[in-house]
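The values are calculated or read from the model by the stated rules, or taken from the named source; none is laboratory data. Computed from a predicted structure; not experimentally measured. Methodologically, a virtual Cβ is constructed for each residue, glycine included, from the backbone with ideal geometry; neighbour enumeration extends over all protein chains shown.
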Amino acid sequence: MRTDYGLRALIDLAGRYPGPAMPCHEIAAREHIPAPFLDQVLLALRRHGLVLSTRGPRGGHVLARPPATITLAQAIEVLEGGGAQMGCFDTPDLCDVGAGCRLRSALRDADRAAVDVLTRTTLADLVSDPRPRRSPLAVALAVGPAA
């Protein structure tokens, strides 16, 4: 949920960029995200330089950079942390099957393809996407960034 909520909040902010700071409760209401949980997610995004936050009556959150410069891969790295999807990608000797594993190769290829799409897809791509609104990951993985 953390990644889904974080991506939805980033896309919400991207659609309003470079507009005024958006309070957490407004983003939460628009995106149907529990505000206390969104607060935590926005804090992580701020700590990693994707979001700027201001306090006070006119406070809120804005993207730290233009939407075209923030990729889904960068956001997911912040929200989920790095690392391979399976332990054997980085350390093949963990696998009982080892070099003869037929599954590892196929999953590594799938992982590379997904990373490629996420690296090429920016928040601006998702904001400008004319298709009906769907999960950010489903949109990105369906066809990649808008051409």
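It is to be established whether one or more residues within the stretch 50-58 are at pLDDT 95 or above, within 17 Å of Arg2 (Cβ to Cβ) and surrounded by 12 or more Cβ atoms within 10 Å (Cβ to Cβ). The answer is yes, given that some residue of the stretch 50-58 is at pLDDT 95 or above, within 17 Å of Arg2 (Cβ to Cβ) and surrounded by 12 or more Cβ atoms within 10 Å (Cβ to Cβ). Among the residues of the stretch 23-33, just one is in contact (Cβ under 8 Å) with a residue 24 or more places away in the chain, outside any helix (DSSP H, G or I) and surrounded by fewer than 19 Cβ atoms within 10 Å (Cβ to Cβ), namely Pro23.
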